[in-house]
Amino acid sequence: MNPASPESLEVRLLEQGLPRTYVRRLLEEWESHLAARSEEQMRAGAGEPGGACLAGEATDWGLLGPPARLVETATTQYRATRWAGRHPALAFLLTPMLLVCAGWGVLAALIVALVSHPERGSAMSGLAAGLPAQGLTGDRFQLFGGLVVCLLAILTTRFLHARSGQSARWYRLALVATGLVAFFLCIRLVPPLGDSPGSLVVRLRPPDSSAQLLGGLLPWLCVAWCSTRDRLMPSPPARRTS
Amino acid sequence: MSSQQASRGDFINGVPELLILALLDRESMHGYQLIRAIVEGTEARLDFPEGSVYPVLHRLEREGLLASVPELVGGRKRFTYSITRRGRQKLEASEERWKSVVAAVDQILRGRVGDEPGIA
């Protein structure tokens, strides 16, 4: 692949984590720039021998500058305008983890509040009172809660990554950190439903049921599924064969 | 561009923003026109990759200092950039700061030349 070709520049820009729409616009403008330069040189060289040769040189993408410097400038300038681009550690590590904790807390508090006040007679508390009877146990809540908060965190991380212009490294790191926090929450914090409703229990022992184990492992499965296969990552374009 | 005249690294640290805003304050231009104007206006004394101006333009546009209008020319999309009111305010502030820095550096340099023996 030619180091100063539009294909190689596109691949290198996408590898830096820049959004596809931004990369497309840059390439369009660079192409337009070279065309304008070529037209100007053709006009200037129309009456001179070797004018056509000059015009041919003007379509060389290397005239835009060293590819490494172009990629660096584009990446730096793009990231400078995004909060997640300027503060990747804060955006990719703290935000998803806080979101996981907050999401888990809200879910657990909602279930505990509903189950502990069945006497109020509202439709929701009536529904909540029936949750244990419906088979919603703490272990199963873990499964549900784990899935919800993990999906929330993964989507948030994906959203941040798509707009920050940061590399995939930060995205993967955020997923692993999120998985760790979600795993801890799923294994240790269980809202009991049934035997002693109304409080959160901090478990200090390993998972004692397959549902609980699965609830704890679910975040990791999500993380592995997303990061190893890059299913949610922008993929570099296929090499053009023209 | 002469390599003797040009100095690498000149096109950093707020200089591109100042040049772009100042030139677009005179008239709206597309990217190539703007780059030609910089090269001609500075007599090619600044060394910068031509392609690196576009990411700076995009950043300034994102910050609301510039506005762009796309147009189709010869089947290709071209963007014409113009300065916004916020851009003019930024230009005034940057120009003041630039003049202040130049005056301060100049003062030191003139002082140094004056201190040298044999130079009046």
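Summed over the stretch A:64-104, the residues that are in a loop (DSSP other than H, G, I, E, B) and within 30 Å of A:Ser38 (Cα to Cα) give a count of 2. Might you check whether a residue that is β-branched (Val, Ile, Thr) and assigned to a helix (DSSP H, G or I) occurs anywhere in the stretch B:24-38? The answer is yes; a qualifying residue exists. If only residues of the stretch B:33-68 that are out of contact with any helix residue (DSSP H, G or I) (no Cβ under 9 Å at 6 or more places or on another chain) and at pLDDT 90 or above are counted, the one that is farthest from the other protein chains (Cβ to nearest Cβ) is B:Glu40. Scanning the stretch B:39-84 for residues that are part of a helix (DSSP H, G or I) and in contact with a Gly (Cβ under 9 Å, 6 or more places away or on another chain) yields B:Glu50, B:Gly51, B:Ser52, B:Val53, B:Tyr54, B:Leu57, B:Leu60. Restricting attention to the stretch B:71-81, does a residue exist that is away from chain A (no Cβ under 14 Å), basic (Lys, Arg) and out of contact with any Leu (no Cβ under 7 Å at 6 or more places or on another chain)? No; the residues of the stretch B:71-81 include none that is away from chain A (no Cβ under 14 Å), basic (Lys, Arg) and out of contact with any Leu (no Cβ under 7 Å at 6 or more places or on another chain).
Say we look at the stretch A:66-95 and pick out the residues that are small (Gly, Ala, Ser) and surrounded by fewer than 20 Cβ atoms within 10 Å (Cβ to Cβ); which of these is nearest to the other protein chains (Cβ to nearest Cβ)? Step by step, filter the stretch A:66-95, then rank; the result is A:Ala80. Inside the stretch A:19-30, can you point out the residues that are under 14 Å from B:Pro55 (Cα atoms) and either without any contact (Cβ under 8 Å) to a residue 60 or more places away in the chain or more than 10 Å from chain B (Cβ to nearest Cβ) (or both)? Of everything in the stretch A:19-30, those that are under 14 Å from B:Pro55 (Cα atoms) and either without any contact (Cβ under 8 Å) to a residue 60 or more places away in the chain or more than 10 Å from chain B (Cβ to nearest Cβ) (or both) turn out to be A:Pro19, A:Thr21, A:Val23, A:Arg24, A:Arg25, A:Leu26, A:Leu27, A:Glu28, A:Glu29, A:Trp30. In the stretch B:69-90, the condition of being among the small types (Gly, Ala, Ser), buried (at least 18 other Cβ atoms within 10 Å of the Cβ) and modelled with pLDDT under 95 is met by no residue. Scanning the stretch B:15-37 for residues that are buried (at least 19 other Cβ atoms within 10 Å of the Cβ) and closer than 20 Å to B:Leu72 by Cα turns up B:His30, B:Gly31, B:Tyr32, B:Leu34, B:Ile35.
Residues checked against (1) of a type in the set (D, E, K, R); (2) surrounded by fewer than 20 Cβ atoms within 10 Å (Cβ to Cβ); (3) at pLDDT below 70:
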residue	(1), (2), (3)
A:Gly146	no, no, yes
A:Ala153	no, no, no
A:Val181	no, no, no
A:Ser199	no, yes, yes
A:Leu204	no, yes, yes
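Taking the criterion of being under 18 Å from B:Gly14 (Cβ atoms), modelled with pLDDT of 90 or more and buried (at least 16 other Cβ atoms within 10 Å of the Cβ), would at least one residue in the stretch B:93-116 satisfy it? Checked the stretch B:93-116: at least one residue is under 18 Å from B:Gly14 (Cβ atoms), modelled with pLDDT of 90 or more and buried (at least 16 other Cβ atoms within 10 Å of the Cβ).
The values are calculated or read from the model by the stated rules, or taken from the named source; none is laboratory data. Nothing here was measured: the structure is a model prediction, and the numbers come from that model. No Cβ is skipped: glycine too gets one built from the backbone with ideal geometry, and neighbour counts run over all protein chains shown.
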